[in-house]
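Participant: Before I ask anything, here is the structure I am working with.
The values are calculated or read from the model by the stated rules, or taken from the named source; none is laboratory data. Quick caveat: nothing in here was measured; it's all calculated off a predicted structure. Cβ: placed from backbone, ideal geometry, glycine included. Neighbour counts: every protein chain shown. With ligands, DNA and RNA removed, areas are computed over all heavy atoms of the protein, side chains included. Shrake-Rupley method; radii C 1.70, N 1.55, O 1.52, S 1.80 Å.
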Amino acid sequence: MQYSESRTRNLRWLTYASIGLFIISFWMIFAYVGPERTQGEVQRIFYTHLGAFFASFVLFVVALIAGIQYLRTRHEKWDDLGLSAIELGLIFSLINIVTGAIWARPIWNTWWTWDPRLTTVAIMWLAYAAYLMLRAGIEDPNRRRRFAAVYSILAFSSVFLTIVIIRVRPDTIHPVVAGPTSTSEGIEGDFAMSDRITTTLLFTIFTYVVISITLLWYRIRLENRTKLIQARKMKLLLNA
Amino acid sequence: MPDTLDYMILGYIVAFTLLGLLIGSIVWRYRSCAKTEALLDQLEASEQTSAASTTSSTASSTATNAVPSR
């Protein structure tokens with residue numbers, strides 16, 4: 001598949017921007033902002049933890065939109081977009097879960113607890129992991145795409161639940177960084193956000209979102225290339 | 001301030017390893033595609049060559065048959 005010069009140039013610039021942003025955010029996390037008073041150095045995980053969560057959130061929203069668009073237009077490109085977004089979203093979500101567990105060990109004194117937030121994020125991850133497995137099990141391409149679109153729309157309810165749960169359940173111990181919360185009692189690991197922490201946090205979130213969009217672009221191109229190879233293979237086999 | 005440096009290092013090692021694996025898998029698949037494309041180019045070229053030689057040999061045999069015998 002031939003892409004236009006301008007699109008390839010844009011992707012190249014986005015790649016440079018991602019690398020640049022990543023280096024700056026790395027400097028901000030380890031040099032610009034100091035260690036937090038009550039948690040110490042481990043609090044620096046928080047930037048990547050949240051950045052990865054926002055990246056996965058953006059990717060799952062993309063998958064939701066792709067699912068809706070596929071059902072509306074039945075155009076294959078939306079299915080490719082949905083698949084690519086979910087595949088990347090799963091990895092960013094995994095980074096979010098693992099870094100959260102490592103942060104929790106010294107702060108909560110446990111790697112994992114069945115807190116409402118942690119439970120919903122685990123459900124969310126499993127729901128999207130099941131998407132890939134179930135999708136691979138359907139042979140008919142049209143049925144597979146239709147199923148994937150419907151599933152990606154339904155699976156988004158787990159993302160919504162993950163975001164909402166800490167704002168409505170009073171028994172969570174997970175800190176709420178942005179927006180209202182039902183209670184501040186019982187929250188363990190919360191800390192005051194200084195200006196530098198806020199700046200670094202917002203910058204890291206922005207960086208992770210840009211990285212996720214760049215990788216999504218590459219992943220879509222890979223999907224197109226793979227499909228083109230499959231078509232060429234079929235043509236050769238038919239001619240043989 | 002508690003000493004939690006080890007956990008921070010572990011967290012970043014795991015996060016960057018996962019990110020590296022993701023980027024690495026995309027790069028690996030791109031390279032694998034490039035190799036397959038090169039192979040397909042070769043196969044298509046050899047198929048075109050054999051098709052062309054078949055056509056030319058058929059054409060020449062037809063031409064030979066068309067020459068009146070003396």
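Participant: Give me the percent of accessible area attributable to carbon and sulfur for the protein assembly as shown, probe 1.4 angstrom. All intermediate terms of the calculation are to be shown ahead of the outcome.
Facilitator: On the way: 11010 of 17050 Å².
That fraction is 65 percent.
Participant: Please report, in debye to the nearest 20, how large the charge dipole of the protein assembly as shown is about its Cα centre when each Lys and Arg carries +1 at its beta carbon and each Asp and Glu carries -1 there.
Facilitator: Dipole magnitude for the protein assembly as shown comes out near 1320 debye.
Participant: What Kirkwood hydrodynamic radius, in Å, does segment A:124-163 give when the mean of 1/r is taken over all pairs of distinct Cα atoms and then inverted?
Facilitator: On the way: mean 1/r = 0.0961 Å⁻¹.
Final number for the Kirkwood radius of segment A:124-163 is 10.4 Å.
Participant: Using DSSP to call loops (not H, G, I, E or B), can you name the trypsin sites (Lys or Arg not before Pro) in segment A:1-98 whose Cβ has at most 12 other Cβ atoms within 10 angstrom?
Facilitator: Working: sites: A:Arg7, A:Arg9, A:Arg12, A:Arg37, A:Arg44, A:Arg72, A:Arg74, A:Lys77; in loops: A:Arg37, A:Arg74.
Sites meeting the loop and neighbour criteria: A:Arg37.
Participant: Follow-up question, since we're still on this one. Given a 1.4 Å probe, show me the residues in segment A:88-125 buried by at least 10 Å² of accessible surface when comparing the whole protein assembly to the chain alone.
Facilitator: Residues losing area: A:Leu88, A:Ile91, A:Phe92, A:Leu94, A:Ile95, A:Val98, A:Thr99, A:Ile102, A:Arg105, A:Pro106, A:Trp111.
Participant: Hey, got a sec? Which chymotrypsin sites (Phe, Trp or Tyr not before Pro) in segment A:83-153 land in a DSSP loop and have at most 12 other Cβ atoms within 10 Å?
Facilitator: Working: sites: A:Phe92, A:Trp103, A:Trp108, A:Trp111, A:Trp112, A:Trp114, A:Trp125, A:Tyr128, A:Tyr131, A:Phe147, A:Tyr151; in loops: A:Trp111, A:Trp112, A:Trp114.
The qualifying sites are A:Trp111, A:Trp114.
Participant: Please give the total accessible area that chains B and A bury against each other, computed with a 1.4 Å probe and expressed in Å² to the nearest 100. Don't skip to the answer; put the middle values down first.
Facilitator: Numbers: alone 6630 and 13650 Å², together 17050 Å².
Chain pair B/A: roughly 3200 Å² of buried accessible area.
Participant: Hey, got the dipole for segment A:62-169? About the Cα centre, +1 on K and R Cβ, -1 on D and E Cβ, debye to the nearest 20? Could the numbers behind the result be given before it?
Facilitator: Working: 12 positive and 7 negative charges, 55 e Å.
That gives segment A:62-169 a dipole magnitude of about 260 debye.
Participant: Would you kindly calculate the translational diffusion coefficient of chain A, applying Stokes-Einstein with the Kirkwood radius from alpha carbon pairs, for 10 °C and a viscosity of 1.306 mPa s, and quote it in µm² s⁻¹ without decimals?
Facilitator: On the way: Rh = 19.7 Å.
Rounded, D is 81 µm²/s.
Participant: Quick check: residue separation of A:Tyr16 and A:Thr113 times 0.36 nm, minus the Cα distance between them. What number comes out in nm?
Facilitator: On the way: separation 97, 0.36 × 97 = 34.92 nm, distance 3.93 nm.
Fully extending the segment from A:Tyr16 to A:Thr113 adds 31.0 nm.
Participant: Kirkwood Rh, Cα Rg: Rg to Rh for segment A:43-102? Before the final figure, lay out each step's value.
Facilitator: Values: Rg = 13.7 Å, Rh = 12.0 Å.
Rg/Rh for segment A:43-102 comes to 1.14.
Participant: Not counting the cut sites, what is the longest span of chain A without GluC sites (Glu not before Pro) that DSSP labels loop and that have at most 10 other Cβ atoms within 10 Å?
Facilitator: On the way: sites that count: A:Glu139, A:Glu185.
In chain A, the maximal stretch lacking such sites is A:1-138.
Participant: When the convex hull of the Cα atoms of segment A:16-139 is projected onto a plane and the area is averaged over all directions, what value comes out in nm²?
Facilitator: Values: hull surface 39.4 nm².
About 9.9 nm², averaged over all directions.
Participant: Using just the helices of chain A, give the 222 nm mean residue ellipticity in deg cm²/dmol: DSSP H runs with n ≥ 4 each add -39,500 (n - 2.57), and the total is spread over all residues, rounded to 500. Present the calculation step by step, with values, prior to reporting the outcome.
Facilitator: Details: 6 runs with 179 residues, N = 240.
After summing the helix terms and dividing by the residues of chain A, the value is -27000 deg cm²/dmol.
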